[in-house]
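Read through the structure below, which is laid out as structure tokens, and then see the notes.
The values are calculated or read from the model by the stated rules, or taken from the named source; none is laboratory data. Note that this is a predicted model, so its numbers are computed, not measured. Please note: Cβ atoms are built from the backbone with ideal geometry, for glycine as well, and neighbour counts cover all protein chains shown. To get the accessible areas, we keep the full protein, side chains included, count just its heavy atoms, and leave off ligands, DNA and RNA. Shrake-Rupley method; radii C 1.70, N 1.55, O 1.52, S 1.80 Å.
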Amino acid sequence: MSDTSELLKIQDLYACIGEISILKGINLEIKPGEIHAIMGRNGSGKTTTANIIMGHPDYEVEKGIVELNGKDLLEMETWERAREGVFLSFQYPQSVPGLQVGNFLRKSVAAILGEEAAKGKEFRNKLKESMKELDIPSSFLGRYVNDGFSGGEKKRFEILQLMLMKPKLAILDETDSGLDIDGIRTVAKGINAAIRGTDSGALIITHYSRILEHVKPDKIHVLISGKIVKTGGPELALELEEKGYDWLEEDSEN
Amino acid sequence: MVDDDAREAVGDYKAGWHDPENSTIRFDAGLSEKVVRDISELKNEPEWMTDIRVKAFKHFDERPMPTWGNMSMLEEIDFESICYYLRSSKATENDWEDVPEDIRNTFDRLGIPDAEQKWLSGVTAQYESEAVYHSIREDLEKQGVIFLDMDSGLREHEELVKKWFCSVVPYSDNKFSALNTAVWSGGSFIYVPKGVHVELPVQAYFRINAKNMGQFERTLIIADEGSSIHYVEGCTAPTYSTDSLHSAVVELIALPGAHIRYSTVQNWSANVYNLVTKRGVAHEKAKIEWVDGNIGSKLTMKYPSVILKGEGSHAEVISVAYSGAGQHQDAGAKIHHLASNTTSKILSKSISKDGGRGSYRGQVTVSKKAENCKLNVVCDALILDENSRSDTYPTMEVANPTARCEHEASVSKVSDNQLFYLMSRGHSEEEALALIVNGFFEPFTRELPMEYAVELNKLMALEMEGSIG
Ligand SMILES: Nc1ncnc2c1ncn2[C@@H]1O[C@H](COP(=O)(O)OP(=O)(O)OP(=O)(O)O)[C@@H](O)[C@H]1O
Ligand SMILES: [Mg+2]
């Protein structure tokens, strides 16, 4: 039986790609309204964790549980997870030449929230407002999805989608990397507005404490070689920034 | 209604139903000089036309099959089993209500009368060998625009037809242009007077309904000085287990400063051979554009071409081809720069899937005395699975060193990460693939009238269904 008071529950998760094992027993629980962060050095398995929650076909889950509100995500196709309320802001958003942004947003909101949500004035207003908040010029509606976008534009566009799709669980994979200072503030504002005081939750993957100063996560987890080796409050981010990861690595060896 | 085996073979083809055949005249299958003369006599044609037909037939008879394209598929064509003339309706009507009911139903199902009311200057509908419906907006008629089916064109404007017929595509051009010239029936005849701009597109719709049918329409468009016109054609046929042959010839003449755009969305069922010769001549500062979409058919061999005869003329060929199971789209473009300061652009996009084969065959030439020409060729192929194939056969023959030539080619596959990104936005794998595919075709669809663009996107989404293994 699952404990449904958890929004996201990851238990004893092991995953590999081909012969290489990447996640070696992840445990993580996020309650409704909470924002968690994952930090950890390059190659430690952060993106892998995000991809597995979303259902990327390249990874094989060897063992473990991933549930959203008590529902087994691992049983679902990627688009079913999206319709269930999982959203991933990609570290490297993909471009789709020829697919217009406006068209893509309408189709995606329709797929996730239903046809009605993507129609009429209300949707158009929400779209306009959100684009304004994120400083995305309206000319982007006629451009092709992520095609020729700058690094920061791609990240803003991910957050625009987040704002329109109103997910239950938002995973942000290094959304702050490549954003300018104003961008980080705007994005943090967007996340707070979307999560705080609601029964949604967020998992923020980052290398920097700056975004966390604005978001004030409930918990920070440190991932090393596919395992969470330490969990703490917001103060952990500063400590990591100061000391790096070596002192934790020794812990994880034992 | 539809032959089950055939349907299975070609998959889900929306226009694949057929109506009972109620022909008023049907020639016996097979081709001979007598058949050619009979067609001409039945149409009460002037002698010079009968003579061209007979000469063309003789040439067809002697001419070997082409040695490019898909020779093994070409060898399968059984010219003796094809019916070369079939008439289902006595006269060409210009009131929709007067078209025989069964034929009207066919076109109603395809949405033709709706389209006419909404966004066309004129429309012609051809069923088997003859045009069954024809109309043109009154205001255009008053300005002297002629838009007729080709048979009426010959009757009512014999001098014009005589002057231009076979002037761009001689019957001896290739085996299939000879065949068309011998047995042609239907097609469109258009003349746009000097300086007249036809704002909305005119449309022709071609439908083969009977089994083992040959459709050989002939189209001639003359745009006089400084005029412009956009012509759109669509094609469908029912799904049968035996093959049909569609072999058209289209000739365009853009006189100085004129602009002709010719758009096609060909969605023949996968048992139709589509062997078409399309060519235009552009005089001084004239512009010819071919916008050519090949989605259906078993084998298509079609290379829309432009002869840039006048100084400062421009040619564009934008084409897309989709090849699914059992299909081969051998398409491309030919452009000949004969005069100075002429420019051309070729954009070819092809998708192959489920073992389908797409080939780009292109030829661009610049003659010795043509100075400062500019040529741009881009071919992109998207291959959706391991069994499918894409080839390009580009040739450039540049005899004048002042020409500036650009050529780009790319072959790509849909990446898992691209699919994953779209699926994470709530789209099933098939929907995601359709979004990518329609995006790939977008440079083409944006050139089409709205209704055609929507229809094409729907068609491609349908093709992507059931494609994920
Ligand atoms: N498709 C793949 N093939 C082989 N190895 C892979 C693949 N995907 C991930 N890996 C490996 O798995 C490990 C974890 O990668 P992951 O992308 O999850 O790291 P990360 O923590 O997100 O790093 P970064 O901070 O650099 O984004 C890395 O060593 C990476 O090389
Ligand atoms: Mg990463």
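Miscellaneous remarks
- Here the condition is being within 14 Å of chain A (Cβ to nearest Cβ) and acidic (Asp, Glu); of B:Glu447, B:Glu463, it holds for B:Glu447 alone.
- Which numbered condition A:Gln91 fails, given (1) more than 18 Å from the chain's Cα centre (by Cα); (2) open to solvent by 10 Å² or more (accessible area, probe 1.4 Å); (3) within 13 Å of chain B (Cβ to nearest Cβ); (4) not hydroxyl-bearing (Ser, Thr, Tyr): (1)
- Residue within the range A:82-93 that is farther than 25 Å from A:Glu34 by Cβ and within 16 Å of ligand 2 (Cβ to nearest atom) present: yes
- Strands (runs of 3 or more DSSP E) contained entirely in the range A:1-81, each with at least 1 residues that are under 23 Å from A:His207 (Cβ atoms): A:8-17, A:20-30, A:35-39
- Lone qualifier among A:Ser225, A:Ser209 - being of a type in the set (S, T, N, Q) and touching a residue at least 60 places away in the same chain (Cβ under 8 Å): A:Ser225
- Scanning the range B:395-442 for residues that are open to solvent by less than 20 Å² (accessible area, probe 1.4 Å), free of Cβ contacts under 8 Å to residues at least 12 places away in the same chain and away from chain A (no Cβ under 11 Å) returns no hits.
- Filter pass, A:Lys107 being charged (D, E, K, R), within 16 Å of ligand 1 (Cβ to nearest atom), touching a Lys or Arg at 6+ places or on another chain (Cβ under 9 Å) and not in a loop (DSSP other than H, G, I, E, B): no
- Which numbered condition A:Phe123 fails, given (1) among the hydrophobic types (A, V, I, L, M, F, W, C); (2) surrounded by fewer than 19 Cβ atoms within 10 Å (Cβ to Cβ); (3) closer than 27 Å to A:Glu67 by Cα: (3)
- Filtered residue count, the range A:1-51, keeping only those that are within 23 Å of A:Val215 (Cβ to Cβ) and within 16 Å of ligand 1 (Cβ to nearest atom): 18
- Residues of the range A:94-118 that turn out to be at the interface with chain B (Cβ under 9 Å from one of its Cβ atoms), more than 28 Å from A:Gly151 (Cβ to Cβ) and open to solvent by less than 50 Å² (accessible area, probe 1.4 Å), as a count: 1
- Residue in the range A:70-83 that is nearest to A:Asp12 (Cα to Cα), counting only those that are more than 7 Å from every other protein chain (Cβ to nearest Cβ) and open to solvent by 60 Å² or more (accessible area, probe 1.4 Å): A:Asp72
Residue-by-condition table, conditions (1) within 16 Å of ligand 1 (Cβ to nearest atom); (2) within 22 Å of B:Gly426 (Cβ to Cβ); (3) small (Gly, Ala, Ser):
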position	(1), (2), (3)
A:Glu158	yes, yes, no
A:Glu174	yes, no, no
A:Ser177	yes, no, yes
A:Ile191	no, yes, no
A:Ala194	no, yes, yes
A:Gly232	no, no, yes
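- In the set (1) over 21 Å from the mean Cα position of the chain (by Cα); (2) away from chain A (no Cβ under 14 Å), the condition left unmet by B:Val377 is number (1).
- Restricting attention to the range A:34-60 and to residues that are more than 14 Å from chain B (Cβ to nearest Cβ) and in contact with a Lys or Arg (Cβ under 7 Å, 6 or more places away or on another chain), the residue that is farthest from ligand 2 (Cβ to nearest atom) turns out to be A:His36.
- Of the set (1) in contact (Cβ under 8 Å) with a residue 12 or more places away in the chain; (2) open to solvent by 10 Å² or more (accessible area, probe 1.4 Å), all apply to B:Val161 but (2).
- A:Val86 away from chain B (no Cβ under 11 Å), touching a strand residue (DSSP E or B) at 6+ places or on another chain (Cβ under 9 Å) and either under 21 Å from A:Val187 (Cα atoms) or of a type in the set (Phe, Trp, Tyr) (or both): no
- Answer residue from the range A:197-216, given it is in contact with a strand residue (DSSP E or B) (Cβ under 8 Å, 6 or more places away or on another chain) and open to solvent by 20 Å² or more (accessible area, probe 1.4 Å) and is farthest from A:Leu240 (Cα to Cα) among those: A:Lys216
- Tally, over the range A:223-233, of residues that are among the hydrophobic types (A, V, I, L, M, F, W, C), surrounded by fewer than 24 Cβ atoms within 10 Å (Cβ to Cβ) and in contact with a Lys or Arg (Cβ under 9 Å, 6 or more places away or on another chain): 1
- Checking B:Lys353 against (1) within 25 Å of A:Asp58 (Cβ to Cβ); (2) away from chain A (no Cβ under 14 Å); (3) more than 26 Å from the chain's Cα centre (by Cα), the condition it does not meet: (3)
- Residue check for A:Lys219: within 14 Å of chain B (Cβ to nearest Cβ), under 24 Å from A:Lys31 (Cα atoms) and either touching a helix residue (DSSP H, G or I) at 6+ places or on another chain (Cβ under 9 Å) or away from ligand 2 (no atom under 16 Å from the Cβ) (or both): no
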